[in-house]
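K.L.:
One structure, as structure tokens, below. Some questions next.
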Amino acid sequence: MLSRRDFLSGAAGGVAAAAVATTTTDAGAREAKPMPDHALGLLFDGTLCIGCRACVAACKEANGMPPERTMLEGGDYWDAPLDLSGKTLNVIKCYRDGAGTRKDEVNDGFAFTKTSCMHCVDPSCVSVCPVSAMTKDPVTGIVKYSLEACIGCRYCVAACPFGVPRFTYDEAFPRINKCQLCEQRHADGGYSACAEVCPTGATLYGRVKDLQQEVARRKALTPGAKTTYPRGRLGNGDSYQGVAKRYVDHVYGEKEIGGTQVLHLSGVPFELLNKPKLPLDAPARVAETLQGAIYHALMAPIGFLGALLALAYRHMRPADPPLERGVEPGASVKAREKGGEP
Ligand code: SF4
Ligand code: SF4
Ligand code: SF4
């Protein structure tokens, strides 16, 4: 017959073996997510941007965003947003050094950059949302927000490595706001308002695969050579003649945190444009791999505890019989102490 000692040592050994097996096989690293074949996105080429901010105004109009008051030294201005907010989904920022007279130069220069949702291939905001209010479209890859599903926890705000989602604290019924690539315009044949209005093609809309080819073409050009720049939606035929630019050797958004659907070209280093320096691995993949490992590691001790409880239950002595109605607990002992009948 199996002794209690044999049972315990056997159970512990089995559970330990299971724990090792699960943490090294089932709980292996989660696969990196691929870019959807028909992913849509934007290419922002800072060397073509003239800082007109027409894209900021068009974004507001297309998304029904109200103007906001911007407080600046020496006075305040209406709707001159310096950063993203609950009322601003897209903003153009400027780097400036010294005299600030030389476009796309580091010293005594200036340069523009765009800030909006990057539509990450493996988005942290989607990974952390407990109610799937943030979702990634499997076809277009657009990262969308559902007001109906949102519970206002703001995990997405904390998780986004680009600091994109904003919560409308000043509203009676607050919500998250962020760029959704103007998806509401797609059904009528429209596309991102920022790209549509951009006079120089600095913001260009299209399939990410086509935008990547356009990036490769621009990078291969000799600076100063004549070239054609597409405008609006890539492939719609709208273009103009320009001169090839000099770029830093980095396409921001191409590889950061597992890749994004918004690509940036620049003539100055992205650190100067305050773009966060990020790892290549998606935080969502790392976090979900860790969660899986912890879950699997916890299942073994829980199973062991369950086995112990089952064993303890089987060896429990029968419960004391229920007390008779009206008999005080310990009454027989008290009666004996007084010399009476038990
Ligand atoms: S509309 Fe185009 S050129 Fe004007 S600020 Fe926006 S990206 Fe730059
Ligand atoms: S940039 Fe931020 S909000 Fe946009 S998809 Fe990536 S994690 Fe989500
Ligand atoms: S795609 Fe639409 S919502 Fe996004 S930045 Fe451009 S205009 Fe704004």
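K.L.:
Within the range 181-199, which residues are within 12 Å of ligand 1 (Cβ to nearest atom) and surrounded by 17 or more Cβ atoms within 10 Å (Cβ to Cβ)?
P.N.:
S192, A193, C194, A195, E196, V197, C198
K.L.:
In the set D108, D83, which member is within 16 Å of ligand 2 (Cβ to nearest atom), open to solvent by 30 Å² or more (accessible area, probe 1.4 Å) and either basic (K, R) or out of contact with any Pro (no Cβ under 9 Å at 6 or more places or on another chain) (or both)?
P.N.:
Just one listed residue meets the conditions, D83.
K.L.:
Let me ask something else about it. Would you check which residues across the range 196-206 are under 23 Å from the mean Cα position of the chain (by Cα) and not hydroxyl-bearing (S, T, Y) and list them? Write out each step before concluding.
P.N.:
In the first step, residues of the range 196-206 are kept if they are under 23 Å from the mean Cα position of the chain (by Cα); the result is 203-206.
Within the range 196-206, L204, G206 meet the criteria.
K.L.:
Mind listing whichever residues of the range 162-173 are assigned to a loop (DSSP other than H, G, I, E, B), in contact (Cβ under 8 Å) with a residue 40 or more places away in the chain and surrounded by fewer than 20 Cβ atoms within 10 Å (Cβ to Cβ)?
P.N.:
Pass one, the range 162-173, residues assigned to a loop (DSSP other than H, G, I, E, B): 162-165, 168-173.
Narrowing the set further to residues that are in contact (Cβ under 8 Å) with a residue 40 or more places away in the chain leaves 162-165, 168-171.
Hits for the range 162-173 are G163, T168, Y169, D170, E171.
K.L.:
Against the definition (in a helix (DSSP H, G or I), open to solvent by 30 Å² or more (accessible area, probe 1.4 Å), modelled with pLDDT of 95 or more and in contact with a Gly (Cβ under 9 Å, 6 or more places away or on another chain)), how does V126 come out, yes or no? Talk me through it step by step, then tell me what you get.
P.N.:
On the way: in a helix (DSSP H, G or I): yes; open to solvent by 30 Å² or more (accessible area, probe 1.4 Å): yes; modelled with pLDDT of 95 or more: yes; in contact with a Gly (Cβ under 9 Å, 6 or more places away or on another chain): no.
Spelling it out, it is not the case that V126 is in a helix (DSSP H, G or I), open to solvent by 30 Å² or more (accessible area, probe 1.4 Å), modelled with pLDDT of 95 or more and in contact with a Gly (Cβ under 9 Å, 6 or more places away or on another chain).
K.L.:
On the given criteria, is S132 more than 14 Å from ligand 3 (Cβ to nearest atom) and not acidic (D, E)? It would help to see each step written out before you state the result.
P.N.:
Values: more than 14 Å from ligand 3 (Cβ to nearest atom): yes; not acidic (D, E): yes.
For S132, the condition - more than 14 Å from ligand 3 (Cβ to nearest atom) and not acidic (D, E) - is met.
K.L.:
Which numbered condition trips up I151, out of (1) open to solvent by 30 Å² or more (accessible area, probe 1.4 Å); (2) within 13 Å of ligand 2 (Cβ to nearest atom)?
P.N.:
(2)
K.L.:
On the given criteria, is K178 within 16 Å of ligand 1 (Cβ to nearest atom) and at pLDDT 95 or above? Working first, answer last.
P.N.:
On the way: within 16 Å of ligand 1 (Cβ to nearest atom): no; at pLDDT 95 or above: yes.
When the stated conditions are applied, K178 does not pass them.
K.L.:
Right, another one. Among G253, G258, which is closer than 23 Å to C117 by Cβ, touching a His at 6+ places or on another chain (Cβ under 8 Å) and surrounded by 22 or more Cβ atoms within 10 Å (Cβ to Cβ)? Spell out how you get there, then give the answer.
P.N.:
Details: G258 fails: touching a His at 6+ places or on another chain (Cβ under 8 Å).
Answer to the check: G253.
K.L.:
Any chance you could count how many residues in the range 43-83 are β-branched (V, I, T) and in a loop (DSSP other than H, G, I, E, B)? Spell out the reasoning first.
P.N.:
Step one: list which residues in the range 43-83 are β-branched (V, I, T), which gives 47, 50, 56, 70.
If we keep only those that are in a loop (DSSP other than H, G, I, E, B) too, we end up with 47, 50.
Matching residues across the range 43-83 total 2.
K.L.:
From the list K275, K226, K219, exactly one residue is surrounded by 15 or more Cβ atoms within 10 Å (Cβ to Cβ) and basic (K, R). Which is it?
P.N.:
On the way: K226 fails: surrounded by 15 or more Cβ atoms within 10 Å (Cβ to Cβ); K219 fails: surrounded by 15 or more Cβ atoms within 10 Å (Cβ to Cβ).
The unique qualifying residue is K275.
K.L.:
Confirm whether P81 is modelled with pLDDT under 95, assigned by TED's automatic domain parsing to the domain that holds F270 and more than 29 Å from L272 (Cα to Cα).
P.N.:
Working: modelled with pLDDT under 95: yes; assigned by TED's automatic domain parsing to the domain that holds F270: yes; more than 29 Å from L272 (Cα to Cα): no.
Considered against the rule, which asks whether it is modelled with pLDDT under 95, assigned by TED's automatic domain parsing to the domain that holds F270 and more than 29 Å from L272 (Cα to Cα), P81 comes out as no.
K.L.:
When the range 248-272 is examined, which residues are found to be assigned to a loop (DSSP other than H, G, I, E, B) and either outside the structural domain of T222 (by TED's automatic domain parsing) or within 16 Å of ligand 1 (Cβ to nearest atom) (or both)?
P.N.:
From the range 248-272, those assigned to a loop (DSSP other than H, G, I, E, B) are 248-251, 253-255, 259, 261, 266-269; that's our starting set.
G253, S266, G267, V268 - these are the residues of the range 248-272 that are assigned to a loop (DSSP other than H, G, I, E, B) and either outside the structural domain of T222 (by TED's automatic domain parsing) or within 16 Å of ligand 1 (Cβ to nearest atom) (or both).
K.L.:
Here are the criteria: (1) in contact with a Lys or Arg (Cβ under 6 Å, 6 or more places away or on another chain); (2) within 16 Å of ligand 2 (Cβ to nearest atom); (3) farther than 24 Å from M65 by Cα. Tell me which single one N177 does not satisfy.
P.N.:
Among (1) in contact with a Lys or Arg (Cβ under 6 Å, 6 or more places away or on another chain); (2) within 16 Å of ligand 2 (Cβ to nearest atom); (3) farther than 24 Å from M65 by Cα, the lone unmet condition for N177 is (3).
K.L.:
Further question: Has the range 207-217 got at least one residue that is modelled with pLDDT of 95 or more, more than 16 Å from ligand 2 (Cβ to nearest atom) and farther than 25 Å from P34 by Cα?
P.N.:
Checked against the condition, which is being modelled with pLDDT of 95 or more, more than 16 Å from ligand 2 (Cβ to nearest atom) and farther than 25 Å from P34 by Cα, the range 207-217 yields no hits at all.
K.L.:
Tell me, yes or no, whether the range 75-92 has at least one residue that is aromatic (F, W, Y) and in contact with a helix residue (DSSP H, G or I) (Cβ under 9 Å, 6 or more places away or on another chain).
P.N.:
Pass one, the range 75-92, residues aromatic (F, W, Y): 77-78.
Adding the requirement that they be in contact with a helix residue (DSSP H, G or I) (Cβ under 9 Å, 6 or more places away or on another chain) leaves none.
No, every residue in the range 75-92 fails to be aromatic (F, W, Y) and in contact with a helix residue (DSSP H, G or I) (Cβ under 9 Å, 6 or more places away or on another chain).
K.L.:
Right, another one. Got a sec? Which of A29, A99 is within 30 Å of T289 (Cα to Cα), open to solvent by 10 Å² or more (accessible area, probe 1.4 Å), small (G, A, S) and in a loop (DSSP other than H, G, I, E, B)?
P.N.:
Values: A99 fails: within 30 Å of T289 (Cα to Cα).
On inspection, the qualifying residue turns out to be A29.
The values are calculated or read from the model by the stated rules, or taken from the named source; none is laboratory data. Here the structure is a predicted model, which means the values were calculated and not measured. Note: ideal-geometry Cβ built from the backbone for every residue, glycine included; neighbour counts use all protein chains shown. Keep in mind that these areas ignore ligands, DNA and RNA; they rest on the heavy atoms of the full protein, side chains included. Shrake-Rupley method; radii C 1.70, N 1.55, O 1.52, S 1.80 Å.
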